[in-house]
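Only one structure is covered here, and it is reproduced in the block below.
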DNA sequence: AAGGGCTCATGACAAAAGTCATGGCGTTAC
DNA sequence: GTAACGCCATGACTTTTGTCATGAGCCCTT
């Protein structure tokens with residue numbers, strides 16, 4: 001029997017998936033959570049074979065949660081479920097030792113199959129996501145450029161970014177400018193959006 | 001028997017909900033779609049009692065789809081399912097004759113109950129969403145201010161906004177400025193975000 | 001009919017964002 | 001060992017954004 005832990009902040013999807021997975025003879029959902037912190041605690045308490053995590057989950061995201069759980073329970077396998085498949089995120093996820101990566105556009109029936117594969121020690125990455133990730137150019141931005149884009153996404157004015165990163169305002173403007181050029185974006189906000197789409201920030 | 005049509009672009013959630021609703025004795029899912037256009041066509045073909053629509057659905061949103069379906073099938077009832085409950089959206093939805101409004105944080109079991117209520121001619125609005133909507137101040141922005149904020153959300157530069165709306169650039173800046181003041185936002189992007197959060201754009 | 005209040009619209013001015021040329025510093029390549 | 005390269009950092013300059021004062025037109029109230 002494959003013992004599964006599910007964490008997803010949307011009740012509707014989580015309860016539905018739990019109910020359907022429980023119908024499978026060889027899969028049992030032993031615990032569920034609606035946030036990453038509870039998921040970690042429940043993993044410690046129940047020692048699941050497979051943890052199914054939503055990538056977009058407040059307050060800590062799915063990759064971070066997975067890293068923590070896998071660190072404490074090396075025997076467990078992690079599967080990430082995501083709405084938007086951002087290429088860069090897949091790389092970060094696989095680097096963290098995550099065994100499976102599926103989009104929410106997967107039917108539940110396929111999900112059960114994936115869970116069985118993962119439990120058997122195999123890995124599974126949705127073909128579409130894999131293709132996108134491979135086709136995607138790797139990040140052309142420097143660490144500093146990523147820093148300023150990350151803050152730009154929260155609508156921070158340049159003055160604030162400069163103070164936080166201990167830089168001159170001109171320097172911040174310069175990083176934004178080079179990032180905008182590299183990404184062919186007409187404004188820093190557009191550049192930040194592009195970087196996010198690609199999973200670079 | 002309550003005949004239900006479901007439209008949601010996320011396979012995972014849609015197939016799961018379909019499977020679970022079908023387990024109910026008095027509910028049957030007669031058709032499903034992953035976009036608004038197909039949903040309209042299927043509604044015409046199957047004449048459902050209740051249509052369950054995701055609010056966030058490309059290319060046309062759930063409210064628009066619901067309006068079209070209700071226009072063609074006045075006997076049908078519509079239920080909107082949403083991830084983020086933006087107050088203003090609820091008002092628009094109810095004005096369009098939508099009978100139910102539930103967040104994705106609803107368990108599937110509750111969803112079946114809501115569908116029965118709706119089919120019986122009652123209305124249902126999630127209490128949390130209703131409370132937020134009632135507490136929310138009504139939109140302080142003028143139509144023109146909404147126009148420029150809407151375009152700002154797509155990262156359009158002021159020049160482009162001005163040309164599209166046939167206004168002088170100074171006028172556009174002025175609308176943005178008043179909107180920023182009203183919403184107490186430090187930049188037009190922040191203002192646009194606030195307006196979106198509230199469902200005003 | 002007059003006045004108050006609102007939205008729409010504009011241009012002049014101030015502030016922020018974006019561009020450019022430049023130089024230091026550490027790695028790698030020859 | 002030094003030349004070439006990429007990243008970090010800056011200040012001076014240009015362009016875009018945001019603010020302010022102002023006025024025309026409309027609808028409602030008085």
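Laboratory data are not the source of any read-out in this text; all were calculated from the coordinates shown. Model, not experiment: these values are computed from the prediction. So basically every Cβ, Gly included, is an ideal-geometry build from the backbone, and we count neighbours across all protein chains shown.
Observations on the structure shown:
- Check on residue B:71, part of a helix (DSSP H, G or I), more than 14 Å from chain A (Cβ to nearest Cβ), surrounded by fewer than 21 Cβ atoms within 10 Å (Cβ to Cβ) and free of Cβ contacts under 8 Å to residues at least 12 places away in the same chain: yes
- Selected residue (criterion: surrounded by the fewest Cβ atoms within 10 Å (Cβ to Cβ)) from residues of region A:150-163 that are more than 14 Å from chain B (Cβ to nearest Cβ) and within 12 Å of DNA strand D (Cβ to nearest atom): A:163
- When the residues of region A:177-189 are filtered to those that are within 8 Å of DNA strand C (Cβ to nearest atom) and either within 14 Å of chain B (Cβ to nearest Cβ) or outside any helix (DSSP H, G or I) (or both), the one that is farthest from residue B:185 (Cα to Cα) is A:180.
- Close pairs (8 angstrom Cβ cut-off, 6 or more residues apart or separate chains): touching a residue at least 60 places away in the same chain (Cβ under 8 Å) in region A:158-176, part of a helix (DSSP H, G or I) and within 8 Å of DNA strand C (Cβ to nearest atom) anywhere: none
- Boolean, residue A:153 is more than 9 Å from DNA strand C (Cβ to nearest atom) and in contact with a helix residue (DSSP H, G or I) (Cβ under 9 Å, 6 or more places away or on another chain): yes
- Output for region B:3-28, where each listed residue is in a strand (DSSP E or B) and surrounded by 20 or more Cβ atoms within 10 Å (Cβ to Cβ): B:4, B:5, B:6, B:7, B:27
- Taken over region B:164-176, the criterion of being more than 9 Å from DNA strand C (Cβ to nearest atom) and surrounded by 14 or more Cβ atoms within 10 Å (Cβ to Cβ) is satisfied by B:176 alone.
- Set B:134, B:80: member being surrounded by 21 or more Cβ atoms within 10 Å (Cβ to Cβ) and farther than 30 Å from residue A:180 by Cα: B:80
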